Ligand code: PLP
């Protein structure tokens, strides 16, 4: 039964601060993905465990989790202690440290394909490093990427990440659609866009022998939270090997989130290179590229440049090592349990209210698509979800103290316990009732 309508939260101080701060920051924010959020982009004071506290005094259950990183929740004591201890030793040395070697060893021990690795600071840049390595190794220029997959905001990959369907061409032969004004149009010539989860089309295109890399989210978690079709990843692996193409798994979301060794471990398919970010350091700006030693060693002995002032920044490395040491198999099992309970609870609420929706993905990151009868298989399926209705649902949830991404993704942490899940489901009941009324 639904409890009486709670007092709905207001966000007036955030709205006012965004207006004021727009004098100094474009749009009052520092990422386009934080703009245009209903009822306003929020301004926060602090976070702890599953909660964020904003400047209006609201306590929000957070399913953004920094857009994925905070798998241990906000401000986990083990990370905070490690970071404080490192700050006492110094901040940046432009040299090597024991803590970066420890973090690197942990990555190589946890990730099945990681014979060697390098750190960077953002997912976007390590994806660039992976594509450069693949081009150097193959002597080819073109890459294949998939509709709806996001590999950072740079010109050569910001193609068809969220294209409007009327501009996207036929489903089996998508047009590369630019994601930004000002994007260098020439880079489209280096990108072949294909529908994901379609092995035949990929095999056909690879057979031409001119593709340096296939890059994909091994489970599509930017648009939706979509499983690879049975046998798909294995088929991709086999085709890439056959045609001399480097297989890159972009595990910036899935890495250290779906399993200690990421999607490649969960699905048992080994890429040549993979990239990581987000959950690798629970909120610190750390990313990584890892893979076969002879590819990775092109950085040290093969003339391939990879740099970055902040690569392996010691404080961030302390956070990385502490995070990786916290990511036990038991932690994933526990999120399996709580996340499944949340997914099932949402399904039940929708079913009893007669709401058509797909709640799909993984307990660690799932996706709610209003209007879809069945889980999506690719971007075109997802593009048919009822986005305005979901934004209204996300707003109704926010007013009840639950913060979810408007694109439908829900991220879980180890601090979202049974009580938090129950509170979330109560908010969902209220939100659905409001929108049905
Ligand atoms: N790759 C994937 C799959 C991502 O989800 C993201 C960010 O959301 C990126 C790459 C880019 O990472 P960053 O935002 O750290 O540059």
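The values are calculated or read from the model by the stated rules, or taken from the named source; none is laboratory data. The model shown is predicted, which means the values in this text are computed figures rather than measured ones. When we count neighbours, we look across all protein chains shown, and the Cβ atoms used for this are built from the backbone with ideal geometry, even at glycine.
Would you kindly identify the strands (runs of 3 or more DSSP E) lying entirely within the stretch 164-278 that contain at least 1 residues that are within 16 Å of the ligand (Cβ to nearest atom) and over 21 Å from the mean Cα position of the chain (by Cα)?
Qualifying strands (runs of 3 or more DSSP E): 191-194.
Kindly indicate which of 79, 61 is in a strand (DSSP E or B) and in contact (Cβ under 8 Å) with a residue 60 or more places away in the chain.
Residue meeting the stated conditions: 61.
I'd like the full set of residues that are buried (at least 24 other Cβ atoms within 10 Å of the Cβ) and more than 16 Å from the chain's Cα centre (by Cα), limited to the stretch 146-163.
Within the stretch 146-163, 159, 160 meet the criteria.
Here is a yes/no grid of residues against (1) assigned to a helix (DSSP H, G or I); (2) assigned by TED's automatic domain parsing to the domain that holds residue 396; (3) more than 22 Å from the chain's Cα centre (by Cα); (4) more than 16 Å from the ligand (Cβ to nearest atom):
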site	(1), (2), (3), (4)
17	yes, yes, yes, yes
20	yes, yes, yes, yes
23	no, yes, yes, yes
27	yes, yes, yes, yes
30	no, yes, no, no
36	no, yes, no, yes
42	no, yes, no, yes
52	no, yes, no, yes
56	no, yes, yes, yes
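Residues in the stretch 399-407: is at least one under 18 Å from the mean Cα position of the chain (by Cα), closer than 26 Å to residue 7 by Cα and surrounded by 22 or more Cβ atoms within 10 Å (Cβ to Cβ)? So that I can check it myself, show each step before the final result.
If we filter the stretch 399-407 for residues that are under 18 Å from the mean Cα position of the chain (by Cα), which is where we start, we get 403-407.
Cutting the leftovers down to closer than 26 Å to residue 7 by Cα gives us 403-407.
Imposing the further condition that a residue be surrounded by 22 or more Cβ atoms within 10 Å (Cβ to Cβ) reduces the set to 404.
Checking the stretch 399-407: at least one residue is under 18 Å from the mean Cα position of the chain (by Cα), closer than 26 Å to residue 7 by Cα and surrounded by 22 or more Cβ atoms within 10 Å (Cβ to Cβ).
Answer with yes or no whether residue 12 is more than 16 Å from the ligand (Cβ to nearest atom), exposed (fewer than 12 other Cβ atoms within 10 Å of the Cβ) and within 21 Å of residue 394 (Cβ to Cβ). Before the answer, list the steps.
Working: more than 16 Å from the ligand (Cβ to nearest atom): yes; exposed (fewer than 12 other Cβ atoms within 10 Å of the Cβ): yes; within 21 Å of residue 394 (Cβ to Cβ): yes.
Yes: the conditions hold for residue 12.
Restrict the check to the stretch 3-14 and report whether at least one residue is modelled with pLDDT under 95, in the same structural domain as residue 350 (by TED's automatic domain parsing) and closer than 25 Å to residue 431 by Cα.
So in the stretch 3-14, the residues modelled with pLDDT under 95 come out as 3-7.
Checking the rest, the ones that are also in the same structural domain as residue 350 (by TED's automatic domain parsing) come to none.
Checked the stretch 3-14: no residue is modelled with pLDDT under 95, in the same structural domain as residue 350 (by TED's automatic domain parsing) and closer than 25 Å to residue 431 by Cα.
Going by what's in this entry, would residue 139 be described as away from the ligand (no atom under 16 Å from the Cβ), over 22 Å from residue 241 (Cα atoms) and surrounded by fewer than 18 Cβ atoms within 10 Å (Cβ to Cβ)? Walk me through it before giving the result.
Numbers: away from the ligand (no atom under 16 Å from the Cβ): yes; over 22 Å from residue 241 (Cα atoms): no; surrounded by fewer than 18 Cβ atoms within 10 Å (Cβ to Cβ): yes.
For residue 139, the condition - away from the ligand (no atom under 16 Å from the Cβ), over 22 Å from residue 241 (Cα atoms) and surrounded by fewer than 18 Cβ atoms within 10 Å (Cβ to Cβ) - is not met.
Considering only the stretch 279-296, how many residues are surrounded by 22 or more Cβ atoms within 10 Å (Cβ to Cβ) and within 13 Å of the ligand (Cβ to nearest atom)?
Of the residues in that region, 8 qualify.
Please go through the stretch 142-161 and give me each residue that is within 12 Å of the ligand (Cβ to nearest atom), in a loop (DSSP other than H, G, I, E, B) and at negative phi, ordered by number. Write out each step before concluding.
First, pick out the residues of the stretch 142-161 that are within 12 Å of the ligand (Cβ to nearest atom): 145-146, 148-154, 157-158, 161.
Now drop any that are not in a loop (DSSP other than H, G, I, E, B), which leaves 148-154, 157-158, 161.
Those that are within 12 Å of the ligand (Cβ to nearest atom), in a loop (DSSP other than H, G, I, E, B) and at negative phi: 149, 150, 151, 153, 154, 157, 158, 161.
Which residues, taken from the stretch 113-136, are surrounded by fewer than 19 Cβ atoms within 10 Å (Cβ to Cβ) and more than 16 Å from the ligand (Cβ to nearest atom)?
Initial filter on the stretch 113-136 (surrounded by fewer than 19 Cβ atoms within 10 Å (Cβ to Cβ)): 115-116, 122, 132, 135-136.
Of everything in the stretch 113-136, those that are surrounded by fewer than 19 Cβ atoms within 10 Å (Cβ to Cβ) and more than 16 Å from the ligand (Cβ to nearest atom) turn out to be 115, 116, 135, 136.
Between a residue in the stretch 240-254 that is touching a residue at least 12 places away in the same chain (Cβ under 8 Å) and any residue that is away from the ligand (no atom under 16 Å from the Cβ) and in a strand (DSSP E or B), which pairs come within a Cβ distance under 6 Å, given they are 6 or more apart or on different chains?
Pairs that qualify, where the first residue is touching a residue at least 12 places away in the same chain (Cβ under 8 Å) and the partner is away from the ligand (no atom under 16 Å from the Cβ) and in a strand (DSSP E or B), are 245/211.
Check the stretch 80-87 and report whether any residue there is in contact with a helix residue (DSSP H, G or I) (Cβ under 8 Å, 6 or more places away or on another chain) and not assigned by TED's automatic domain parsing to the domain that holds residue 319. Spell out how you get there, then give the answer.
Let us first name the residues in the stretch 80-87 that are in contact with a helix residue (DSSP H, G or I) (Cβ under 8 Å, 6 or more places away or on another chain), namely 81-83, 85-87.
Those left that are additionally not assigned by TED's automatic domain parsing to the domain that holds residue 319: none.
No, the stretch 80-87 contains no residue that is in contact with a helix residue (DSSP H, G or I) (Cβ under 8 Å, 6 or more places away or on another chain) and not assigned by TED's automatic domain parsing to the domain that holds residue 319.
Answer yes if at least one residue in the stretch 356-373 is surrounded by fewer than 20 Cβ atoms within 10 Å (Cβ to Cβ) and under 26 Å from residue 71 (Cα atoms), and no otherwise. Lay out the reasoning, then the answer.
Here is the first cut: in the stretch 356-373, the residues surrounded by fewer than 20 Cβ atoms within 10 Å (Cβ to Cβ) are 356, 371, 373.
Among the residues that remain, those that are also under 26 Å from residue 71 (Cα atoms) are: none.
No, the conditions are met nowhere in the stretch 356-373.
Any residue that is within 21 Å of residue 331 (Cβ to Cβ) and part of a loop (DSSP other than H, G, I, E, B) - is there at least one of those in the stretch 293-300? Step through it out loud before you land on a result.
To start, the set of residues in the stretch 293-300 that are within 21 Å of residue 331 (Cβ to Cβ) comprises none.
Checked the stretch 293-300: no residue is within 21 Å of residue 331 (Cβ to Cβ) and part of a loop (DSSP other than H, G, I, E, B).
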